[in-house]
Amino acid sequence: MTVAVLYVVSTPIGNLDDMSPRAVKTLQNVDLIAAEDTRHSARLMQHFAITTPMLALHDHNERHKAQMLVQKLADGNAIALISDAGTPLISDPGYHLVCAVREAGFQVVPVVGPCALIAGLSVSGLATDRFSFYGFLPAKSSGRKQQLALLRDVGHTQVLYESPHRIVATVADIVSVMGAERQLVLARELTKTFETVYGGTALDVQAWLLADHNQQKGEFVVLIAGAEPQELDEIGAEEERMLTLLLAELPIKKAAAIAASLSGHKKKALYDRALQLQGKA
Ligand code: SAM
């Protein structure tokens, strides 16, 4: 390849058949591959008969190596970035490199493919219209609980990554902070032999995990359902004031509908409160 482009190439998260023909072609044709761990990626290279030279780009050398790689692009080389598995930059190195390359005015092209968070979300059965991804939560339980407390009232699906060392402790913290009844899904070893997707209330999932030590092994995507709307439907003084003003001018149904679209609360909850305010409930 002669065009100075950085290709961000996704690689399998388990099943090698998920390597796309375009990913293989790109890795074969670039001048250099920047890999998170060259020894780890050597197996992938061997499997797909890719002989392109590799260079290590990991969290500890990325800023320094990014400058060197920008120079390689300036010299007319095409470069591919890969991580140990999945999509680079997603809880993996590459952010500083992509920033530096874009800043230097070179093109960055995605060669799309596997990503554990998207794979887990797509089979979880939880709402996908809106979600947030938080990567790995803090390793210590106190920090993790603090983060979870910030997420407790979020109304959409939340996706985390977790390692086998901490999955039991993290699920315990989810039960204690988010509540035993919150819907939780664990997507484990996706695309691999022991792939398991298990969901239920947080308490069910915890019991399932503790009951079988084998289910605690491997890699996990943790998916937490958003808070139920009624958990959010604490109608406050401000909403009540708005409703009172609207009720002075409009019929109950109309007032509740307008208050709902202005406040984000459920129409039914506001209708019930309006009845109370008018002494009809
Ligand atoms: N860049 C990767 C991606 O696109 O998914 C993620 C890299 S991050 C260092 C590794 C974490 O991703 C694991 O600890 C786990 O939480 C999740 N993960 C990676 N592969 C997985 C798989 N096959 N099944 C479930 N989770 C996986």
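Just so it is clear, none of the values below were taken in a lab; they were calculated from the coordinates. What you are looking at is a predicted structure, and each value in this text was computed from that prediction instead of being measured. As a convention, Cβ positions derive from the backbone with ideal geometry for all residues, glycine included, and neighbour counts pool all protein chains shown.
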> How compact and how long is region 5-114, expressed as Rg and Dmax of its alpha-carbon atoms in Å?
Replying inline: 12.5, 36
> Contour minus end-to-end for HIS165 and LEU55, with contour as 0.36 nm per residue of separation and end-to-end as the Cα-Cα distance?
Replying inline: 36.6 nm
> Residue by residue through region 164-170, which ³J(HN,Hα) values in whole Hz follow from phi under the Karplus form 6.51 cos²θ - 1.76 cosθ + 1.60 (θ = phi - 60°), with glycine and proline marked x?
Replying inline: x, 5, 10, 4, 5, 5, 5
> Going by the alpha-carbon gyration tensor, a ≥ b ≥ c the square roots of its eigenvalues, is region 98-155 rounded (a/c under 1.5) or, if a/c is not under 1.5, prolate (a/b greater than b/c) versus oblate?
Replying inline: oblate
> Across the chain, where is the longest run that never hits GluC sites (Glu not before Pro) in a DSSP loop with at most 14 other C-beta atoms within 10 Å?
Replying inline: 1-180
> Among the lysines, which fall within straight-line cross-link reach of LYS192, defined as a Cα-Cα distance under 22 Å, with same-chain neighbours fewer than 8 residues apart omitted?
Replying inline: LYS217
> Rounded to the nearest 0.05, what FRET efficiency do VAL98 and ALA257 have when you use their Cβ-Cβ distance and R0 = 45 Å?
Replying inline: 0.45
> Does region 117-224 come out rounded, prolate or oblate, given a ≥ b ≥ c as the square roots of the eigenvalues of its C-alpha gyration tensor, rounded meaning a/c under 1.5 and, failing that, prolate meaning a/b above b/c?
Replying inline: rounded
> LYS268: which lysines have alpha carbons under 18 Å from its alpha carbon, excluding same-chain residues fewer than 8 sequence positions away?
Replying inline: LYS253, LYS254, LYS280
>> Apply the Karplus curve 6.51 cos²θ - 1.76 cosθ + 1.60, θ = phi - 60°, to the phi angles in region 234-246 and return the couplings in whole Hz, x for Gly and Pro.
In response: 7, 6, x, 4, 5, 5, 5, 5, 4, 5, 4, 5, 5
>> Please list, in order, the residues from region 201-216 whose amide nitrogen is less than 14 Å from a point placed 7 Å along the Cα→Cβ vector of GLU181.
In response: 201-204
> What list of ³J(HN,Hα) values in whole Hz, one per residue of region 257-270 in order, does the Karplus curve 6.51 cos²θ - 1.76 cosθ + 1.60 (θ = phi - 60°) give from phi, with Gly and Pro shown as x?
Replying inline: 5, 5, 4, 5, 6, 7, 9, x, 6, 6, 4, 4, 5, 6
> What number, rounded to the nearest 500 deg cm²/dmol, is the helix-based mean residue ellipticity at 222 nm of the chain, given -39500 (n - 2.57) per DSSP H run of at least four residues and division by all its residues?
Replying inline: -13000 deg cm²/dmol
> Taking N as the number of residues in region 237-277, what value does Rg over Cα atoms divided by 2.2 N^0.38 Å take?
Replying inline: 0.92
> Any idea how far apart THR191 and GLN278 come out in nm if each label point goes 7 Å out from Cα toward Cβ?
Replying inline: 5.8 nm
> Among the DSSP beta bridges whose two residues both lie in region 117-224, what percent are antiparallel, rounded to the nearest 5?
Replying inline: 80 percent
> Considering only DSSP states other than H, G, I, E and B, which trypsin sites (Lys or Arg not before Pro) in region 121-168 qualify as loop sites with at most 10 other Cβ atoms within 10 Å?
Replying inline: ARG130
>> What is the distance in Å between the Cα centroid of region 15-83 and that of region 160-178?
In response: 33 Å
> Hey, got a sec? Which chymotrypsin sites (Phe, Trp or Tyr not before Pro) in region 121-225 land in a DSSP loop and have at most 16 other Cβ atoms within 10 Å?
Replying inline: PHE194
> In the neighborhood of GLN183, defined by Cβ-to-Cβ distances under 11 Å, what is the net charge if each Lys or Arg adds +1 and each Asp or Glu adds -1?
Replying inline: -2
